[in-house]
Amino acid sequence: MELDVFKKFLHKYLKEHGFTKFKSKYYLKADKFTCMIHFFRSYYGPTYYFDYYFFLGDFEIPTDINQESVETYTSCVGSRFYFTEKDKYSCDYLDYDEEKLKVLLDKNFAERIIPPFEQGEKYLKEYFGTLYTSFLLDERIVPFLED
């Protein structure tokens, strides 16, 4: 798939799932968290990575989320989408057509994105350390997951 087709497909896919684009990232708000999906290109070839985060707290607009420094970073859990059964975390867009990419995105959404919206923060807490991790210290994350 060509790069422009790839990007248009991703934009359409995320909009169909309720996400709105703000700058280069996509957001979907729930009661006690906001999900952000960010895809970015590798420096080493026709490869993209898809990171997702669940920012814990109530945010009216994406600019309320602080991503300036580790000290002030908004508490969040997340990980990266995978693109093979062996957890390959990069997507070589030239290797995919829309149908194949949709299947892989659907699988990631079904396992990692949709459940917290259906089951709430308890899902994030239950799978913290497996599906969801954080680069922040646990003491900054756990209090949000215990409310």
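Where a number appears in this text, it was derived from the coordinates with a stated rule and is not lab data. As the structure is a computational prediction, the values presented were derived from the model and not from experiment. Ideal geometry is used to build each Cβ from the backbone, glycine not excepted, and the neighbour counts take in all protein chains shown.
Observations on the structure shown:
- In the chain, the DSSP-assigned H stretches of four residues or longer account for a calculated mean residue ellipticity at 222 nm of -9000 deg cm²/dmol, using -39500 (n - 2.57) per stretch and the full residue count as denominator.
- About the Cα centre, charge dipole magnitude for the range 3-142 (Lys/Arg +1, Asp/Glu -1 at Cβ), debye: 320
- Using a Förster distance of 25 Å, the FRET efficiency for L104-I61 (Cβ separation, nearest 0.05): 0.25
- Using a simple spin-label model with pseudo-atoms 7 Å out from Cα toward Cβ, V5 and K122 lie 4.5 nm apart.
- Compared with the alpha-carbon gap, the fully stretched path from E111 to D51 is longer by 20.2 nm at 0.36 nm per residue.
- Listed peptides 75-81, 88-94 appear in the order 75-81, 88-94 once ranked by packing, highest mean of other Cβ atoms within 10 Å at the front.
- Virtual spin-label span in nm between L94 and Y43, 7 Å along Cα→Cβ: 2.0
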